[in-house]
Amino acid sequence: MDTTFGLDLARVEALFKRELRRFDELHPRSAQAYRENRRHWLYGAPLHWMQQWPGNCPLLVKEAQGARVTDIDGQQSGDFALGDSGAMFGHAQPAGADA
């Protein structure tokens, strides 16, 4: 079974590499923190599965509100994974944060 459906795999690889370069350009502080954290944490992150995230380093979140996160490089993203309580309520909802 062909799962590529006629995709130009060389083009897909080139686009992926371009996105990795862009990620690196937008996240220099996260990359530096990742290099430093590798001295202290196995795989450079608090949880081993974080090394499997896309990009050359895990994001270090500075703050989060609802489904939006801001990393230490000031980049804002939508948190489509959420997790545990974030999936139930969103991040830092006032009713929960003020309780």
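Quick check: pseudo-label points 7 Å beyond the Cα along Cα→Cβ at residue 51 and residue 26, how many nm apart are they?
About 2.5 nm separates the two model spin labels.
Near the amide H of residue 79, under 5 Å away, which other amide H atoms are found, from residues 5 or more places off or on another chain, if H is placed in the peptide plane?
So residue 79 has HN proximity to 68, 69.
Kindly write out, for segment 16-29 in residue order, the coupling ³J(HN,Hα) from the Karplus curve 6.51 cos²θ - 1.76 cosθ + 1.60 (θ = phi - 60°), rounded to whole Hz, with x marking Gly and Pro.
4, 5, 4, 5, 5, 4, 5, 4, 4, 4, 7, 10, x, 5
Farthest toward the dipole's positive end in the chain, which of 6, 61, 93, given Cβ charges of +1 (Lys, Arg) and -1 (Asp, Glu) about the Cα centre?
The Cα lying farthest towards the positive end belongs to 61.
Test of the criteria: in segment 18-88, which trypsin sites (Lys or Arg not before Pro) are in a DSSP loop and have at most 12 other Cβ atoms within 10 angstrom of their Cβ?
Details: sites: 18, 21, 22, 29, 35, 38, 39, 62, 68; in loops: 38, 39.
Here the sparse-neighbourhood loop sites are 39.
Looking at (1) 64, 28, 27; (2) 40, 36, 23; (3) 54, 34, 24, which value of Cα extents along the principal axes in Å comes from a calculation on the structure shown?
Identified label for the calculated read-out: (3).
What is the Cα convex hull volume of segment 9-58 when expressed per residue in Å³?
Enclosed volume per residue, from the Cα hull, is 68 Å³.
Roughly how many nanometres apart are two label points built 7 Å out from the Cα toward the Cβ at residue 93 and residue 67?
1.3
Tell me the net charge near residue 65. Cut-off is 14 Å between Cβ atoms, residue 65 excluded, with +1 for each Lys or Arg and -1 for each Asp or Glu.
Numbers: positive: 62, 68; negative: 63, 71, 79, 98.
So the environment of residue 65 carries a net charge of -2.
At what distance in nm do the modelled label points of residue 38 and residue 12 sit from each other, each positioned 7 Å from its Cα along Cα→Cβ?
2.8
Quick note: the coordinates plus some simple rules give every number you see, no bench work behind them. Quick caveat, the model's predicted, so the values are computed rather than measured. With ideal geometry, Cβ positions are generated from the backbone for all residues, glycine too; neighbour counts draw on all protein chains shown.
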